[in-house]
Amino acid sequence: MDKNLNDRYSRQILIPEIGQQGQERLSEASVLIAGCGGLGTVLASSMVRTGVGHVRIIDRDSVELDNLPRQILFDEEDMRKKSPKAAAAAHKLSIINSETKIEPVVAELNRDNIEEMMRGVDLVLDGTDNFETRFLINEACIKLGVPWVYGGVVSTYGMSYTIIPGKTPCFKCFIDKVPQPGTTPTNATAGVLGMAVNITASIEATEGLKVLIGDYNSLNNRLIYFDVWYGTWKLISITKSDKPCPVCDEQQFEFLSHKK
Ligand SMILES: [Zn+2]
């Protein structure tokens, strides 16, 4: 690693869990950030600042006023110009770290493009806000053997879980169905606090770093749930049921193959 990079990442290289070798692995790694809202901006910032070599960011939306309290890469000018989030994030991040190849994609992540979006990717980080897309990501990751980190946040609480195909239970193993609309709280109905977003995304990003470095032994292996307002912190074991999982056991990919 050249001197510039050694200087830039010196405080990370000092962490024994990362070290010079881990930092070099990050520089060769490629990550897909699925969604660039509250979680996605923190995820993208974390990946680019820590020195991941290639970061692809997909989001279809443009910056709006009510994004600014928590979506850390955007400002009022982005909102006035109605900048696409993926492009605005890529622009900000490119002046933070010109060494990272940042690839913005202004599109919805869907069954038609997800496998292409995952081409060459070592990890997918969940910055989405809906169960349909998470089920789709889960199926694509199981099919292609790519690890992914789930993250969800509403109001003052959040959760995260890391899925390693072939090693851990998958998303479908613990969430059987997409909840009926209106049955679970969302950011639009229950609100969301930026600090809860930051913690959720930071847990996801740290899990992601462990995957990219190859430190699988240090993964949390449990669903982390916390409430930043009430100081609650729980680690919940996820176990597979006796019934085979349609996705990770039987390779039935309902969302990937679903016809509109
Ligand atoms: Zn499963």
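Please treat every number below as a calculation from the coordinates, not as lab data. In this text the structure is predicted, and so the values were computed from the model without any measurement.
Picking from Arg111, Arg60, Arg11, which is most flexible by a Gaussian network model of the chain using Cα springs under 10 Å?
Per the Cα network of the chain with a 10 Å cutoff, Arg11 tops the list.
Tell me whether region 30-140 comes out rounded, prolate or oblate; compute the Cα gyration tensor, take square roots of the eigenvalues as a ≥ b ≥ c, and use a/c under 1.5 as the rounded threshold.
Details: a/c = 1.85, a/b = 1.21, b/c = 1.53.
Oblate.
Amide H to amide H under 5 Å from Ile57: which residues, 5+ apart in sequence or cross-chain, H placed 1.01 Å off N in plane?
Answer set, sorted by chain and number: Ile33, Glu103, Val105.
Could you give each residue of region 225-239 its phi-based ³J(HN,Hα) in whole Hz, using Karplus coefficients 6.51, -1.76, 1.60 with θ = phi - 60°, and x for Gly or Pro?
Each residue of region 225-239 in turn: 10, 8, 10, 6, 7, 9, x, 7, 8, 10, 10, 10, 6, 10, 10 Hz.
In deg cm²/dmol and to the nearest 500, what is the mean residue ellipticity at 222 nm of the chain if only DSSP H runs of at least 4 residues count, each as -39500 (n - 2.57), divided by the residue total?
Numbers: 12 runs with 99 residues, N = 260.
-10500 deg cm²/dmol, from helical runs alone.
Pick from Glu207, Glu116, Glu99: which is most flexible by mean-square fluctuation in a GNM of the chain where alpha carbon atoms under 10 Å apart are linked?
Judging by the Gaussian network model, the answer is Glu116.
How many angstrom lie between the C-alpha centres of region 148-204 and region 1-57?
23
Using the Karplus equation 6.51 cos²θ - 1.76 cosθ + 1.60 (θ = phi - 60°), what ³J(HN,Hα) coupling, rounded to whole Hz, does each residue of region 192-201 give in order, writing x for Gly and Pro?
So the Karplus estimates, Gly and Pro as x, are 7, 9, x, 5, 5, 4, 4, 5, 4, 5 Hz.
A 30 angstrom limit on the alpha carbon distance is what I want to check against. Which of Lys81/Lys101; Lys3/Lys101; Lys101/Lys210; Lys101/Lys240 exceed it?
On the way: Lys81/Lys101 24 Å; Lys3/Lys101 20 Å; Lys101/Lys210 20 Å; Lys101/Lys240 38 Å.
Correct reply: Lys101/Lys240.
Can you list the HN-Hα couplings for region 11-17, worked out from phi with the Karplus curve (6.51, -1.76, 1.60; θ = phi - 60°), rounded to whole Hz and with x for Gly and Pro?
Those phi angles translate into 6, 7, 5, 5, 6, x, 5 Hz.
Build a GNM of the chain with springs between Cα atoms under 10 Å: which of Pro84, Pro179, Pro147 gets the top mean-square fluctuation?
Pro179
Antiparallel versus total DSSP beta bridges in region 3-257: what percent is that, nearest 5?
Values: 18 of 36 bridges.
Taking every DSSP beta bridge within region 3-257, about 50 percent pair in antiparallel fashion.
Quick query: amide H of Val192 versus all other amide H atoms, modeled in the peptide plane; which residues come in under 5 Å with a sequence gap of 5 or more or a different chain?
Amide H neighbours of Val192: Ser155.
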